[in-house]
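What follows is calculated from the coordinates using simple rules that are stated; it is not laboratory data. All of these numbers come straight from a predicted model, not from anything done at the bench. Ideal geometry is used to build each Cβ from the backbone, glycine not excepted, and the neighbour counts take in all protein chains shown.
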Amino acid sequence: MISETQEVAVIGAGGHGKVVIDLLQELGFKVSMILDDDPRKWGTRILSVPVKGPIKELVRTQASRAIIGIGENRTRLQVAKDNEGLHWVTAVHPYSWVHPSVKIGEGSVVFAGCVIQPDTIIGKHCIINTGATIDHDCRIADGVHIAPGSHLAGNIVIGEGSFLGVGVSVIPGCSIGKGVTIGAGATVTVDIPDLVVAVGTPARPIRSLILGREEG
């Protein structure tokens, strides 16, 4: 975490960027600017914060502190990889409950109403979205997005870059592979392999994903 006297830049001028700005402001941080590579957004404002220009405006100084406000996992991870010299901020909403033993990687965000139980490990640049709960001893890899209202029981493993849609439930001990999309409202009762879309109750793969593209 950073001190309240330091400025933070947000990368991404979309809807997720907006809620990240709100979170930072709730924590008392000064959001100095928003950066986005879409020139149509330059000169606009989100929650009174100006969209200054492209991401390269920030990387001119390696002392810059930032957080990636991009909801799409592959893009967020790529931005992090392309800007490894930056100091990434981790933000946890004051109206969440996170046990002191929980480890949260740099650049990750935990929104209001979340509960994260003991000895869970959350990777870098993850999104634990509004009202999600994660029970004990879970392992969440880098770049995972757990959408609002999702609930993970204990001892769950989720691979890099996976997305759990709104209201997903996962029973204890399940593993979800990397690059997986679990559809909204699904119930995961068995292990899910890498690079698939899985839906339903119980959740079952319905198609494969190759490097982020759907196949079949």
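Do the sum for the chain: with -39,500 (n - 2.57) for every DSSP H run of n ≥ 4, divided by all residues, what is the mean residue ellipticity at 222 nm, to the nearest 500 deg cm²/dmol?
Calculated from helices alone, the mean residue ellipticity at 222 nm is -3000 deg cm²/dmol.
How about the range 63-158: which GluC sites (Glu not before Pro) there lie in a loop by DSSP and see at most 11 other Cβ atoms within 10 Å?
GLU84
What relative contact order, as a whole-number percentage, does the chain give when Cα pairs under 8 Å and 6 or more residues apart are counted?
Contact order relative to length: 11 percent.
Which of these values of volume of the Cα convex hull per residue in Å³ was calculated from the structure shown: (i) 139; (ii) 124; (iii) 108?
(iii)
Rounded to the nearest 5, what % of DSSP beta bridges with both residues in the range 7-88 are antiparallel?
15
If I take the Cα coordinates of the range 7-88 and project them onto the principal axes, what are the three extents in Å, biggest first?
27, 27, 23
If you average the C-alpha positions of the range 127-154 and of the range 11-78 separately, how far apart do those two centres end up, in angstrom?
Their Cα centres are 23 Å away from one another.
Can you check what the net charge comes to around GLY154, using other residues whose Cβ is under 9 Å from the Cβ of GLY154 (Lys, Arg +1; Asp, Glu -1)?
Around GLY154, the charge tally is -2.
Report the chymotrypsin sites (Phe, Trp or Tyr not before Pro) located in the range 1-100 that are in a DSSP loop and have at most 12 other Cβ atoms inside 10 Å of their Cβ, or state none.
Passing sites in the range 1-100 are TYR95.
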